[in-house]
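Notes to accompany the following structure.
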Amino acid sequence: MAVEVMARDTDYGAFVEKFILQPVPSPHPLPLSGLTFAIKDIFDVEGYVTGFGHPEWARTHSAATSTAPAVLAVLRGGATCIGKTVMDEMACSINGENIHYGTPTNPCAPDRIPGGSSSGSAVAVGAKLVDFSLGTDTGGSVRVPASYCGIYGFRPSIGAVSTAGVIPMSQFFDTVGWFARDPIILKQVGHVLLESSDTPHVRPSQVIVAEECVRLSSIPSGRTTQVLLKAVEKLFGGEIPLNVFSDACHIIKNVILGDYVKDKVPSLKNFISEGNNDQETIPSLAALSRAMRLLQRYEIKKNHGDWVTTVKPEFGPGIHEQVWEAMRTSSDNIDACQSMRTELRAALTALLGDSGIFVYPTVQGPPPKLKMDAAAFEVDIAKAFRLLAIAGVSGFCQVSIPLGMDDNLPVSVSLVAKHGSDGFLLNLVSTLHDTLKEEIQVAERTISSRTRTFCSDSDLSDIICSDCELSNNNLSLSTGAGLEVRTIAVEEMARETDYGAFMDKFILQPTPSPHQLPLSGLTFAVKDIFDVDGYVTGFGNPDWARTHLAATSTAPAVLAVLRGGATCIGKTVMDEMAYSINGENIHYGTPRNPCAPDRVPGGSSSGSAVAVSAKLADFSLGTDTGGSVRVPASYCGIFGFRPSHGSVSTSGVIPMAQSFDTVGWFARDPTILKQVGNVLLESSDTCLVRPSQVIIAEDCLRLSSIPTDRTTQVLVKAVEKLFGGHIVKNVILGDYVKDKVPSLKHFIDEGSKDREYTIPSLAALSSAMRLLQRYEFKNNHGDWVTTVKPDLGPGLSERIWEAVRTSADKVDVCQFVKTELRAALTALLGDGGILVIPTVPGPPPKLQMDATALESFRARAFSLLSIAGVSGFCQVSIPLGMYDNLPVAVSLLAKHGSDGFLLNLVKTLHDALKEEIQAV
């Protein structure tokens, strides 16, 4: 393995040393290929001194002559190591501070400790410097920094991963653990280190909440255990109690763990009185912690006592006292510690049974401040070890799961499974992931919304929302459908940059509901083409806004998502009169593409896409006539859904061309994409998620400048994993369409003028679509354009005036083309069939691109976009990460009316797609 030494840079202070360890290239795909990792400076790497967190140790020890098996395992798995990370001195702290090498900066809370002793490994992952990292966990040194840095941390069953080539601290408790930001990577690393394959079993037999452990935490249970329990209830059933301490039904149960341990672990009597000094703690767990720490000290003395007493190294405050206390430890009660380990494992195994799970906080609260008062910190440490000792002494596996932020500090919860259940626990975390994200968003939004709650209209002037003062104006929208929507009107809410996504900012809130609503806690934005009562619908042009009155009602699509529980935060910038897929607007500015600031964001729903991509809103509404949701979704690296034509009401939406107009939506997450779809489509979940066939349009792939191994091949591999390769088929779509849509002959010559970059039949399809668009646009807005003569941007002016001059020639033929194409593609796909095409022919064009080059790109784009546009089929654009630092995407199409199936399929594919994206 080649090792190239690299200069150490700051990188949040996470690294002690940087180098590259690369495995020998393999002809086969490896599970960790393309991933980078870092290792705690406790692992041996051949040719490097293992520093153990202390310069005196490094000075007095030689370079390692071999590499730790755990490190070799992940290298064989295809990952690349980029260096060694800072750790607490001799692994003797869960704090994370190091006076010799500096304290790694906590990416989530820079004024707080990162947690230790695997501090640098956690920070490297939390700061996105690596994909995963290795640490060790004896008394909590993976679980604590994972919690404090807002990432996943896994402590495996004792003995499950080799600790050879790792400097020992206390062999009875030492484990090799790992960190990741993503549960899929966490699981992949686990499979490699545990030398295990996937287990299909992901349903827990029972989920046991340790009641008094929850009370040890300073964080409300509504932000920790309750979030997890709600996710469990959604996935596996189980009535969630209003209070975590009341009786639960089905698989969710409660236990007073301290009492249970006291009854079942008789050897604890040797430590009970000593462990009961702090009246705020649980006596039996305090005793458990005391016994664990006694055995740790005794083994540290055995392992390193001679070195400490000979070298007398300089230690930092706190560490000095702990190390020298270990040097003075006698063998009293050591036998009782060993008996206690055996008894505890037997007792907890009996309590959990097969596939049972414990739930409790990872730590007692948020990360303490840097250089915290020693006495106060010791109280925190004492509480933390009550929780950490449960898995530590029993040898059970434990995972710390990040649950977002509370009071701007990271929070987490832990799941613990019996010894040897590591694969099951890793699979369970992956299974819970999407549902947990939903519950975290709800919890964070609920807490956030409390800061905006008011008791009377007179309070309005004191409310702050999105850093802007709200006016003292209170409106009420009467929908005529039994829904009263309260509106906090925003009086000229100062327009922030916010990536230039917004036209107007305001708040529309539904009346509170006693029931959980599907979109509760989510925020959304709407394209400035939707009517909102009391606001002028601007249609992307100031002359339009100037010559039109405020809307007197709100579009049904907007009302639907408000009824679903979501909060609207404003209207977004769009291309003038929706007549572009570019995204540039000379009047209101071009929203900045978060994925590629020097590229167009795509249009005409540009601001709606940018608001979601920049995380300013959870989802947004746009419209898609010729591609105005699909294109910006692709360019901004998010999901975009164009529904079946006519499936979502376009009432209250300024029309462009009614034969093609649809209300579409954007989201970063397929779960939210589906939730919004269920609300707008007024549909419940469909069980069908398995496609009957997945048809690749070969000729369409050749229109794209992006290699197929970064688009369709990624999708195909995910499909093959989930459903088998036999359902994947290929078609020359252009030939099929030419044969099955006879009316296209009227456009074929027009559509094939430039055969270098088009498919003649699809170019003809695009010509027919754009002709009918122009004709309907003229019918809708021709009078206004010719009367007002609005100021229009370059490119748009020419297209709009071309539309105004359009005649009715061939318009009737366009309708035949629509009917024939829908019938032809319905026959091709059959029930449950999917068509795969690129969303667009390449990455987003540069801002202010040459008009000639842009028109060539647009022509190829419309050849792809017209397939769903003319057929009326539903289409979803799926982000596939970055290629050459630019976002790429692929599209799935399903027959008219299959919207629910398509949304479910996207969600089902999500995890497998992520794995394939990471692999490439």
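The values are calculated or read from the model by the stated rules, or taken from the named source; none is laboratory data. A quick note: this is a predicted structure, and the numbers were derived from the prediction, not measured. Note that we place each Cβ from the backbone using ideal geometry, even for glycine, and neighbour counts take in every protein chain shown. The accessibility values were calculated without ligands, DNA or RNA, using every heavy atom of the protein model including side chains. Shrake-Rupley method; radii C 1.70, N 1.55, O 1.52, S 1.80 Å.
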For helix 811-829, what angle does its Cα long axis make with the longest principal axis of the chain, in degrees from 0 to 90 and rounded to 10? 40
Over all directions, what mean area does the Cα convex hull of segment 324-374 project, stated in square nanometres? 6.6
Return the calculated 222 nm mean residue ellipticity for the chain, to the nearest 500 deg cm²/dmol, obtained by summing -39500 (n - 2.57) across DSSP H runs with n ≥ 4 and dividing by the residue count. -11500 deg cm²/dmol
Cα centroid distance between segment 97-137 and segment 332-402, in Å? 21
Along Cα→Cβ, 7 Å out, is where each label goes; now give me the distance between the ones at Asp783 and His28 in nm to one decimal. 7.2
Charge-dipole axis of segment 507-594 as Lys and Arg at +1 and Asp and Glu at -1 on Cβ define it, positive-most pick from Ala551, Tyr535, Val561: Val561
Taking H as built 1.01 Å from N, whose amide H comes closer than 5 Å to the amide H of Leu880, not counting residues under 5 places away? Val888, Ala889, Val890
For segment 819-889 and segment 667-743, what is the separation of their C-alpha centers, rounded to whole Å? 11
Report Rg (one decimal) and Dmax (nearest whole number) for segment 290-358, counting Cα atoms only, units Å. 16.4, 49
DSSP-assigned coil residues among trypsin sites (Lys or Arg not before Pro) in segment 768-829, each with at most 13 further Cβ atoms within 10 Å: Arg805
Here the equivalent ellipsoid of the chain, derived from its Cα gyration tensor, has semi-axes (largest first, whole Å) of 56, 30, 25
Out of the total accessible area of the chain (probe 1.4 Å, heavy atoms of protein only), what percent is carbon and sulfur? 50
For the pair Lys615/Arg690, report the inter-label distance in nm, with labels modelled 7 Å from Cα in the Cβ direction. 3.8
Need one number: convex hull volume per residue for segment 824-920, Cα atoms only, in Å³. 112
Given R₀ = 60 Å, FRET efficiency for Asp111-Asp812 by Cβ-Cβ distance, to 0.05? 0.30
Per the Kirkwood treatment, what hydrodynamic radius in Å, one decimal, follows for segment 51-185 from the mean inverse distance over all distinct Cα pairs? 14.8
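Would you mind calculating the gained length between His587 and Ser649 on full extension (0.36 nm times residue separation, minus the Cα-Cα distance), in nm to one decimal?
Values: separation 62, 0.36 × 62 = 22.32 nm, distance 2.91 nm.
That works out to 19.4 nm of additional length.
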Can you tell me the 0 to 90 degree angle between the C-alpha axis of helix 334-352 and the longest principal axis of the chain, rounded to 10? 30
Length gained, Lys369-Ile732, 0.36 nm per residue minus C-alpha separation, equals 124.4 nm
Which FRET efficiency, nearest 0.05, do Glu802 and Lys234 yield, Cβ-Cβ r, R0 51 Å? 0.50
Taking a ≥ b ≥ c as the square roots of the Cα gyration tensor eigenvalues, with a/c under 1.5 meaning rounded and otherwise prolate when a/b beats b/c, else oblate, which class fits segment 737-820? oblate
Interchain or long-range residues, amide H under 5 Å from Thr85's placed H: Val16, Ile39, Lys40, Asp41
Using a 7 Å offset from the Cα along the Cα-to-Cβ direction at both Lys264 and Lys721, what is the distance between the two label points in nm, to one decimal? 3.7
If amide hydrogens are placed 1.01 Å from N in the peptide plane, which non-local residues have theirs closer than 5 Å to the one on Phe502? Val573
Theoretical FRET efficiency, 1/(1+(r/R0)^6), r = Cβ-Cβ of Ser330 and Lys437, R0 60 Å, to 0.05: 0.75
Exposed loop sites here are GluC sites (Glu not before Pro) in DSSP loop states with at most 15 other C-beta atoms within 10 Å. What is the longest stretch of the chain lacking them? 1-194
Could you rank His896, His28 by how accessible they are, 1.4 Å probe, largest area first? His28, His896
Quick note, segment 638-680: a/c under 1.5 would make it rounded; otherwise a/b > b/c is prolate and the rest oblate (a ≥ b ≥ c, C-alpha gyration tensor); here it is prolate
Gyration tensor (Cα only) of segment 262-413 to equivalent ellipsoid, semi-axes in Å sorted down, yields 26, 24, 14
Charge dipole of the chain about the Cα centre (unit charges at C-beta), most positive-ward option of Pro283, Ala853, Leu616: Ala853
If you place +1 on the Cβ of every Lys and Arg and -1 on the Cβ of every Asp and Glu, how big does the dipole about the Cα centre of segment 765-917 come out, in debye to the nearest 20? 260
Tell me which lysines have Cα within less than 23 Å of Lys571's Cα, excluding those fewer than 8 residues away on the same chain? Lys505, Lys527, Lys615, Lys674
